[in-house]
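Quick note: the coordinates plus some simple rules give every number you see, no bench work behind them. Owing to the predicted nature of the structure, the values given are computational and were not obtained by experimental measurement. Note: ideal-geometry Cβ built from the backbone for every residue, glycine included; neighbour counts use all protein chains shown.
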Amino acid sequence: MLEKVISLKNIGRFLNYSASGDVAFCKLTLIYAENGRGKTTFCSILRSLQSGQPEFIMERKTLGTTDLPYVHMRLNNEDKKFTQGNWSSVHQNILIFDSVFVNENVYSGDYVEHDQKKNLYRIIVGSDGVKLAREIEDLDSKIRDVNNNLRTNKDSLARYIPEEITFEEFLEWQPVPDIEEQIKKKNKELEKMTLAASKATEIKTKSMLMKVHLPSLPSDFINILSKELNNIIADAETKVRGQINKHKMGSYGETWLSQGLTFINDNHCPFCEQELEASELIKAYSSYFSEAYENIKQEISQLTQMINNSIGETSLSSVQQTIADNKTLLEFWKQFTDIILPDISFNDVQQKYMILRNKCFSLAQKKQDCPTEAITIDSEFSAAIKELEDLQTVVESYNASINNSNELIKKQKEISNSSNDIGKLKNELNQLEAHKKRFEPDISNLCQKYQDNAKSKKEIEDTKESKRKELDNYCTDILQKYEQTINKYLDQFNTGFRITNTRHLYTGGTPSSQYQIFINNTQLQLGDSRTPAGTPCFKTTLSSGDRNALALAFFLAMIEQDNDIVKKIIVFDDPFISLDRFRRTCTAQIIIQLLSKAQQVIVLSHDPFFLKLLHDECPDKSTLLKTLQMNKSACSTIITEWDAQAETQSPYLRDYNTLLGFYRERKGDLYDVARTIRPFLEGMLRHHFPGHFTDKEWLGDMIEKIRNANEQNGLGHAKADLNEIEAINAYSKKFHHNQNTNADNEPINDDELHGYVRRTLQLVGGE
């Protein structure tokens, strides 16, 4: 049992604490501490003492100090000291429920990841299960070592094994008596076949002929040339340009004229008020700046690029390359087969396309000069197109010859591959040589080593399988019991869900626990950070309070399964959160029940009312109970005695009871209840942040102080609830005369008031 914390130095907020007064611990020790006073640090110290890991303390070394952390505690009449980064001795019989336990073993944030499942598995199965699991892990390690040996053996032998022979076939080979004679015979056959097929390899790898594909003029070209706009004034563009040049408008002219047209609404010039109805110039402006005219000009502007892209010199490069490559290939293949290709002159192709291209440029320029008129295709263009069509006929004949020639080439390739059968003969020779090599002393020894290692691996795998079956049987039994125990506590917490299908898996070779959530008659997978958004799972179905209840149920189930619970010190750091305050009574009852099982129970909380509930439930306060608190003294946190009764009996408590009575039973006058909210919040803030507010500062002043507080003065911890405090204040101030002269007649709704009372109580965990 932890009897006393004698000294804590240079650890978090415990800068220089030495025990003073009656601060000895009892079987049930309740420690009240506001947030930021050192509860988490205290749990880290105990976790370091339990595990022997100094990092839990060293990482919390007080900032700004050069001295090393120091701890002096007394447990079971034995001094435990942490000096120079090490414990004098450890004390393993400590179980701690805090955020670290939850994050490591149950869930972290919104997810249950594989690491939590692995850690939870170790908790569930206990020492016997962990021992079996470690034996399996050791066997896995041996298998990995044997696999490495097998891999090394196999890599050493690989270069001696022909491609067409499997490794297993190579090992099973038997000696061949006349192997030398067979090798000589195969070599002679290969020499003859190689001489007869000296060019077979070249034939097999040589490329076939390629078809020629001529570029074509885009279909939109003729269409754009034929477009016309009948409602466009013929010389509109000439007039617009003339006017811009005449008045030296420069590059801004078109913009100025286009914008100016938008201001003509009544046939009068918005600039000089002259009539415009008969103005030919204005008509020219309107025609020139029309949307249709702009569209056709845009299309015309793209004609030149269109021509270059489709039938320019770049598009002809592939034709040139194909013709050249085919001429080279033809000279090779004519050695083996009778193939003929019609001649195509690339210069002729290039010349015909140049003529067509130039003619297209000419037509495009005409269209650009007269964008509103349809451009008629002349005889020169038609002649150029006819030349291209004739050329296409030649190419089609050429490509037909390509097809015929490639058929002949294909047959020649097949003949060269099958008639000589060199590959097959080489394989047979390679096998004979490999067969001979297989029974040379060095290779034979490597094969024997591989076979010995394979046999050893099989024996280890059989042992592992036997151990796994043993672990499976053990886990099946204990996981069912654990699941039942967890669900018992979840039922006590009135969660509305339970866990099901609890089992163990060997993902990655390491055992881990797996379970599902059963809620609303639906079975859900836990999911993890990779689960697709919108999928019902742990993250989306359980509230924060439900998750905390689940974590606490796991911890309590672990305690219940512990055969050495009588030796254990059980520590709770704020065992419930603000969102599950309604479970406070059940939680307190369960903790009190542990007094008869465990060696000691220590509860730390920032909620004095929860600790008072434990205080009241304690069966023998005189011998079993000690109430302490963590207070701020100068720059350090100290541990002192704490009067739970005095702490909770105050006007603040009376206000609390008024609000609680209305929340639970709708008791009290509505206006009295509404007016109680503000002083209750003021009392709460004074209680939780002593020294930060004067007697003449009220809720509005307090809110302003919290808003401007920094993280170092302690008041910054209230910022997390600032928005909620402001919202509640905005509602309650309507019912106070200093804020509202008509406060007595302010309309009040029972249900609305009930909601704000609930929110007020949630701030302090008093729900």
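Some points to look at:
- Helix axis angle, 291-301 relative to the chain longest principal axis, alpha carbon, degrees: 60
- Potential extension, residue 53-residue 22 segment - 0.36 nm per residue separation minus Cα distance: 8.1 nm
- Once the chain from residue 148 to residue 178 is taken as fully extended at 0.36 nm per residue, the excess over their C-alpha distance is 7.1 nm.
- Aspartates and glutamates with Cα under 18 Å of residue 481, excluding same-chain neighbours fewer than 8 positions away: 128, 470, 472, 491, 560, 562, 564
- Put in line by how crowded their Cβ is, counting other Cβ atoms within 10 Å and starting with the fewest, 470, 135 read 470, 135.
- Cα gyration tensor category, rounded, prolate or oblate, for the chain with a/c compared to 1.5: oblate
- Cross-link pairs exceeding 26 Å between alpha carbons, from the set 206/436; 185/436; 227/359; 539/568: 206/436; 539/568.
- In a fully extended conformation the segment linking residue 746 and residue 211 would gain 183.3 nm over its present Cα-Cα distance, using 0.36 nm per residue.
- Residues 391, 505, 225, 628, sorted so that the one with the fewest Cβ neighbours within 10 Å comes first: 505, 391, 225, 628
- Of 154/457; 211/352; 4/612, those spanning more than 26 Å from alpha-carbon to alpha-carbon: none
- Dipole magnitude (debye, nearest 20) for the chain, charges at Cβ of Lys, Arg, Asp, Glu: 2360
- Fraction of the pair-distance distribution of the stretch 609-705 above 20 Å, Cα-Cα pairs, percent: 53
- Per-residue Cβ neighbour counts within 10 Å put 642, 173 in the sequence 173, 642, beginning with the fewest.
- Mean separation of Cα contacts under 8 Å (6+ apart) over length of the chain, as relative contact order %: 21
- Across the stretch 397-403, computed HN-Hα scalar couplings (Karplus, 6.51 cos²θ - 1.76 cosθ + 1.60, θ = phi - 60°) run 5, 4, 5, 5, 5, 4, 4 Hz from first to last residue, x flagging Gly and Pro.
- Between 0 and 90°, nearest 10: helix 114-158 axis offset from the chain longest Cα axis: 40
- Nitroxide proxy distance, nm - points 7 Å out along Cα→Cβ at residue 462 and residue 78: 4.6
- Built amide H within the under 5 Å cut-off of residue 637, gap 5+: 14, 15, 16
- Put simply, the amide H of residue 628, placed in the peptide plane, has neighbours under 5 Å in 30, 31, 32, 642, leaving out anything fewer than 5 places away on its chain.
- Angle between the chain longest axis and helix 544-561 axis [Cα atoms, degrees, rounded to 10]: 60
- Partner aspartates and glutamates whose Cα lies under 15 Å from the Cα of residue 186, excluding those fewer than 8 positions away in the same chain, are identified as 178, 421, 428, 433.
- Amide H partners (placed H, <5 Å) of residue 61, local residues excluded: 12
- Taken along the Cα-to-beta-carbon direction at a fixed 7 Å, the label points for residue 267 and residue 297 span 2.7 nm.
- Stokes-Einstein, applied to the Kirkwood radius of the stretch 449-591 over Cα pairs at a viscosity of 0.890 mPa s and 25 °C, places its translational diffusion at 137 µm² s⁻¹.
- A helix-only calculation puts the chain at -18500 deg cm²/dmol for mean residue ellipticity at 222 nm, using -39500 (n - 2.57) for each DSSP H run of at least four residues, averaged over all residues.
- Spin-label pair residue 664/residue 426, simplified geometry with 7 Å Cα→Cβ offset, distance in nm: 9.2
- The stretch 650-764: equivalent-ellipsoid semi-axes (sqrt of 5 x gyration tensor eigenvalues, Cα, Å): 25, 15, 13
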